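Trainee: Once you've had a glance at the structure underneath, I'll fire off some questions.
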Amino acid sequence: MALEKEIESPDFVLIRKMCNEDVETVAELDKKCFPTPWTVSAYYTEVHNPSAYYIIAEQNGVVIGFAGMWCIMDEAHITTIGVEPELRGRKIGELVLVSLLDEALNRGVHRATLEVRRTNTVAQNLYAKYGFKTMAVRKGYYGNNNEDAFVMWTDDMCEPDFLRLLRQRKDELEAYH
Ligand SMILES: CC(C)(COP(=O)(O)OP(=O)(O)OC[C@H]1O[C@@H](n2cnc3c(N)ncnc32)[C@H](O)[C@@H]1OP(=O)(O)O)[C@@H](O)C(=O)NCCC(=O)NCCS
């Protein structure tokens, strides 16, 4: 199905699992997204971590977004998410987040958490769309500038309202791309 859509529309955004061959490209994109990027070897470790799940968004064979999480018991810890700077504001970040949350549900997850910089209102807005709320603050968490981290959680991922929202948005975003 994805392949058919890819052939029909060359700008189709494909979401797929990250593999060994992707990690150097993802690490390069990570540098454009974060002031303290992960190393290539950190990505290799994550790709082979059985508790982790990392995906990429790809357009015309080019990696334009990425995200990952650890699933531990019934919780997903979203570890990273980033989009090519020139392609932001085109629903790629949301597509990647929705794809991650969908896979989390498949893995038996009921709630998800992440950390986000206090000043990163763009990401906070994205997370708020999926019910994430700030439940704690880690003072000075980010070493590069001593910025606080908001610890956000979304609960009740198995509630019908959440499942309906996720299904609806996934369909809309897949149609959009
Ligand atoms: C956060 C990030 C992944 C969002 O990706 P994106 O593709 O630009 O976002 P989308 O186009 O999918 O937008 C989804 C939602 O994010 C929020 N958002 C996106 N751009 C925004 C902006 N310029 N201002 C305010 N909110 C914004 C909105 O809630 C938006 O939904 P809406 O369009 O219905 O209002 C991207 O900005 C990024 O890579 N940032 C750098 C890395 C980073 O900070 N990652 C998060 C770490 S916690």
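Trainee: Scanning for something open to solvent by 10 Å² or more (accessible area, probe 1.4 Å), within 14 Å of the ligand (Cβ to nearest atom) and out of contact with any Phe, Trp or Tyr (no Cβ under 8 Å at 6 or more places or on another chain), does segment 154-164 turn up at least one residue?
Mentor: Just the residues of segment 154-164 that are open to solvent by 10 Å² or more (accessible area, probe 1.4 Å), to begin with: 155-156, 158-164.
Subsequent filtering for residues that are within 14 Å of the ligand (Cβ to nearest atom) retains none.
The answer is no; no qualifying residue exists.
Trainee: Can you give me the number of residues within segment 43-100 that are near the ligand (Cβ under 9 Å from one of its atoms) and among the hydroxyl-bearing types (Ser, Thr, Tyr)?
Mentor: So the answer is 1.
Trainee: If we scan segment 46-53, do we find a residue that is assigned to a strand (DSSP E or B) and open to solvent by less than 40 Å² (accessible area, probe 1.4 Å)? Walk me through how you get there before you give the answer.
Mentor: Of the residues in segment 46-53, the ones assigned to a strand (DSSP E or B) are 52-53.
Keeping just the survivors that are open to solvent by less than 40 Å² (accessible area, probe 1.4 Å) gives 52-53.
The answer is yes; a qualifying residue exists.
Trainee: Restricting to segment 125-150, what's the tally of residues that are surrounded by 17 or more Cβ atoms within 10 Å (Cβ to Cβ) and under 16 Å from the mean Cα position of the chain (by Cα)?
Mentor: Number of matching residues: 5.
Trainee: Now for a different question. Could you tell me how many of the residues in segment 60-77 are under 14 Å from the mean Cα position of the chain (by Cα) and open to solvent by less than 80 Å² (accessible area, probe 1.4 Å)? Break it down stepwise before answering.
Mentor: Taking segment 60-77 first, the residues under 14 Å from the mean Cα position of the chain (by Cα) are 63-71, 76-77.
Still in the list and also open to solvent by less than 80 Å² (accessible area, probe 1.4 Å): 63-69, 71, 76-77.
Selection size over segment 60-77: 10.
Trainee: Report whether or not Thr121 is more than 7 Å from the ligand (Cβ to nearest atom), modelled with pLDDT of 95 or more and not basic (Lys, Arg).
Mentor: Spelling it out, it is not the case that Thr121 is more than 7 Å from the ligand (Cβ to nearest atom), modelled with pLDDT of 95 or more and not basic (Lys, Arg).
Trainee: For segment 26-41, indicate whether the set of residues that are β-branched (Val, Ile, Thr), surrounded by 14 or more Cβ atoms within 10 Å (Cβ to Cβ), at pLDDT 95 or above and in a strand (DSSP E or B) is non-empty.
Mentor: Checking segment 26-41: not a single residue is β-branched (Val, Ile, Thr), surrounded by 14 or more Cβ atoms within 10 Å (Cβ to Cβ), at pLDDT 95 or above and in a strand (DSSP E or B).
Trainee: From the list Glu174, Glu84, Glu103, Glu94, which one is among the acidic types (Asp, Glu) and more than 14 Å from the chain's Cα centre (by Cα)? Give the derivation first.
Mentor: Working: Glu84 fails: more than 14 Å from the chain's Cα centre (by Cα); Glu103 fails: more than 14 Å from the chain's Cα centre (by Cα); Glu94 fails: more than 14 Å from the chain's Cα centre (by Cα).
None of the others qualify; the one that does is Glu174.
The values are calculated or read from the model by the stated rules, or taken from the named source; none is laboratory data. These figures come from a predicted structure and were not determined experimentally. Heads up, the Cβs are rebuilt from the backbone with ideal geometry, glycines too, and the neighbour counts pull from every protein chain shown. Heads up: the accessible areas ignore ligands, DNA and RNA and are worked out on the full protein's heavy atoms, side chains in. Shrake-Rupley method; radii C 1.70, N 1.55, O 1.52, S 1.80 Å.
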